[in-house]
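J.: Input: one structure, supplied below.
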Amino acid sequence: MIRPLMLALAGLLVAAAPPSPAQRFGALFRDVQMRQIFPDSKTFADAEPRRGDAAILAAYRRCDCKDDAALKAFVLANFNVPVAPAAPPPSRKLGLAEHIDALWPQLTRTLPTVPAGSSALPLPKRFVVPGGRFREMYYWDSWFTMLGLQVSGRQDLVEDMVTDFGSLIDRYGRIPNGTRSYYLSRSQPPFFYLIAGLSKNAATLAQRTTWMRAEHDFWMAGAAGLRPGGERARVVRLADGSLLNRYWDDRDDPRDESYREDAALVAATPGRDAKAMYRDLRAGAESGWDFSSRWLGDGKTLATIRTTRIVPVDLNSLMYGMERSIADNCRILKDAACVTTYAAAADARAKAIAAHLWNGAGYYADYDLDARRVADGRTAAMAFPLFVGLASPERAKATAQALTPLVGEGGLGTTAVRTGQQWDEPNGWAPLQWVAIEGLRRYREDALAKRIATNWLATVDREYAASGKLLEKYNVVERLPGGGGEYPLQDGFGWTNGVTRALLAAGCAPPR
């Protein structure tokens, strides 16, 4: 299943990846972030140096930068600091679908080259950003964005973004969380097999399949020779020999884009191993659910985060989908050995999910590596096995019933726990609406699917009528803007635009 040559190549590519700003600027980066020279830690991580690193660091050693004003003046003299782009003006004269169609050009970027020293990664073709502080292409966001691009008649942009993602795999052996050097140590939920499937260019099937297989190698690195009970990076082998995946990060220091937040949290938690805690925070970011009670040891406090001790049901469902999709592509390409390898991997994973990620109370859930049992928490992630089609009809029906209490008047909630984290109650997120709706429809649970779609669109439509904006997340309990998290609520917004546009095109409509 693992191709040693490809893995070796991927390892070389990753080893050659550019260092992040924190790795390059050391004490300067730490001082700027810890003294909160900019309110958002991402600002300095995205800054572009005006001269070489060595010259800047030498000047900093000579700088009398003891007060914050002097330090900020030094930064502004030596870096071009990004300025948040002006939000698109409200267009209440346009209907919701027309407004989204008009947003695509405003969120489209071209970056074939980057300035020297920039943390941005160049991309050969055009791409769409989420919006706000998110000024680069993000991994799992993009598939949901691309759903909307397709129904908006922008297949040209879809094809460009497929090429962009493939270029990342070619260069780095993985798709990073986002297209910045500081994201290269982690990925995000593996939606590339679905992204690749959006291409309508049949001539590129072999190339797309090669990319998919390379991504599978990345996620499965370390599986070869792993004994029962063993763990290595993103792979775990349970006691019965089942091979499953978890979220991880190749680094164990503060995230560049959330440096101060991470460092302060770890400093305030002296009883924990700092490196392990940093890795768990980073793994939470790889999950896309940053952060959620799913990852918290006590279910409520971020200081108890233990993401790497969890085998997530959504990740393993997507890995099943990837393996099944590779096998299907290889069947078209008449590669019998490939079909055999990946079909067997998908079958084995489906059996492992059925055995270990099913809660006897009637729903899919995560597996706790330390407790050696399935978790009790009910989250929207339970919809992923339905989304990829690996659930039995009986389990799909039970899961639909278990999902129902998470549905509020504004759409599907993320969890039933209020922690203040943004991937908990009362927030709902566009990608989870789509996954649940499509998963439920797949198993003919149409009434619940329609209820989620209608309630979600009502929330989006209500806020659009009030402010002219589409937001990153929403409070689905009360149909309000969402809250929580490490940064202010963002508007724009890529995946909300994509999912909303796709639902409208499918005939769903907000109530009037």
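The values are calculated or read from the model by the stated rules, or taken from the named source; none is laboratory data. Values in this document were obtained by computation on a predicted structure and should not be read as measured data. Because the Cβ atoms are built from the backbone with ideal geometry, glycine has one as well, and the counts that use them run over all protein chains shown. The accessibility values were calculated without ligands, DNA or RNA, using every heavy atom of the protein model including side chains. Shrake-Rupley method; radii C 1.70, N 1.55, O 1.52, S 1.80 Å.
J.: If you take the alpha carbon radius of gyration of the chain and divide it by 2.2 N^0.38 Å, what ratio comes out, to two decimals?
T.: For the chain, the normalised Cα radius of gyration is 0.95.
J.: Can you tell me, using C-alpha contacts under 8 Å and at least 6 residues apart, the relative contact order of the range 391-512 as a whole percent?
T.: Computed over the range 391-512, the figure is 27 percent.
J.: Before rounding to the nearest 500, sum -39500 (n - 2.57) across all DSSP H runs of length at least 4 in the chain and divide by the residue total; then give [θ] at 222 nm in deg cm²/dmol.
T.: Counting only the DSSP helices, I get -15000 deg cm²/dmol.
J.: Report the one residue of L57, A396, G420 whose Cα lies farthest in the direction of the positive end of the charge dipole of the chain (charges on C-beta: Lys and Arg +1, Asp and Glu -1; origin at the Cα centre).
T.: Sorting the options by dipole projection puts first A396.
J.: Suppose all protein chains stay in the model; what accessible area per residue would a 1.4 Å probe give for the range 277-418, in Å²?
T.: Accessible area per residue: 34 Å².
J.: For the range 151-243, what does the accessible surface come to per residue with a 1.4 Å probe? Please give it in Å².
T.: 31 Å²
J.: Another one. Might you report the magnitude of the Cβ-based charge dipole of the range 44-128 about its Cα centre, with Lys and Arg at +1 and Asp and Glu at -1, to the nearest 20 debye?
T.: So the magnitude is around 140 debye.
J.: Ignoring solvent entirely, what values of log10 I(q)/I(0) come out of the Debye formula for the range 113-232 at 0.10, 0.21 Å⁻¹ when each Cα is a single scatterer?
T.: -0.32, -1.21
J.: Evaluate the charge dipole of the range 232-384 about its Cα centre and quote only its size in Debye, nearest 20, assuming +1 on the Cβ of each Lys and Arg and -1 on the Cβ of each Asp and Glu.
T.: Roughly 380 debye for the range 232-384.
J.: Report, to one decimal in Å, the Kirkwood hydrodynamic radius for the range 31-129 based on all distinct Cα pairs.
T.: 16.3 Å
J.: Next question, about the same structure. For the range 363-512, taking Cα atoms only, what is the radius of gyration to one decimal and the Dmax to the nearest whole Å?
T.: Here Rg and the maximum Cα pair distance are 15.2, 49 Å.
J.: Find the relative contact order for the chain and round it to a whole percent, using C-alpha pairs within less than 8 Å whose residues are 6+ positions apart.
T.: 14 percent
J.: Right, next: Considering only Cα-Cα distances, which of the following residue pairs are longer than 21 Å: K300/K450; K300/K397; K72/K473; K42/K473; K66/K275?
T.: K300/K450; K300/K397; K72/K473; K66/K275
J.: About its Cα centre, how strong a charge dipole does the chain have in debye, to the nearest 20, once Lys and Arg get +1 and Asp and Glu get -1 at the Cβ?
T.: Computed charge dipole of the chain: roughly 400 debye.
J.: Let me ask another. What cysteines in the chain have no other cysteine with a beta carbon less than 4.7 Å from their beta carbon?
T.: So far as the 4.7 Å Cβ criterion goes, C508 stand without a partner in the chain.
J.: Sticking with this one: Project the alpha carbons of the range 432-512 onto their principal axes and report the range along each, largest first, in whole Å.
T.: Cα spread of the range 432-512 along its principal axes, largest to smallest: 38, 28, 22 Å.
J.: Something else now. Once all Cα-Cα distances of the range 172-227 are split into 5 Å bins that start at 0, what whole-number percent is in each one?
T.: 4, 17, 24, 21, 18, 10, 5, 1, 0
J.: State the answer as a single residue: which of A505, A465, L432 lies farthest towards the positive end of the charge dipole of the range 431-512, with beta carbon charges of +1 for Lys and Arg and -1 for Asp and Glu, about the Cα centre.
T.: Ranked along the dipole, the leading option is A505.
J.: Pick out the long, greasy-scoring helices in the chain: whole DSSP H runs spanning 24 Å or more along their own axis by Cα, mean Kyte-Doolittle at least 0.5.
T.: In the chain, the long hydrophobic H runs are 336-356.
J.: OK, next. Any chance you could list the semi-axes, whole Å, largest first, of the equivalent ellipsoid that the Cα gyration tensor gives for the range 111-174, using √(5λ)?
T.: With the √(5λ) rule applied to the range 111-174, the semi-axes are 20, 14, 11 Å.
J.: Within the accessible area of the range 286-441, what % is carbon and sulfur when the probe is 1.4 Å and the other protein chains stay in place?
T.: Carbon and sulfur together cover 51 percent of it.
J.: With unit charges on the beta carbon (Lys/Arg positive, Asp/Glu negative), name the residue among A354, A337, G299 whose Cα is farthest towards the positive pole of the charge dipole of the range 242-400.
T.: The Cα lying farthest towards the positive end belongs to A354.
J.: Using the scaling law 2.2 N^0.38 Å as the reference, what is the normalised Cα Rg of the range 293-416?
T.: Here the Cα radius of gyration is 1.17 times the empirical estimate.
J.: Taking every Cα atom in the range 12-61, find the radius of gyration and the maximum pairwise distance Dmax, and write them in Å.
T.: 12.0, 36
J.: Can you tell me how the range 213-333 classifies by the Cα gyration tensor, rounded, prolate or oblate, using a/c under 1.5 as the rounded cut?
T.: Prolate.
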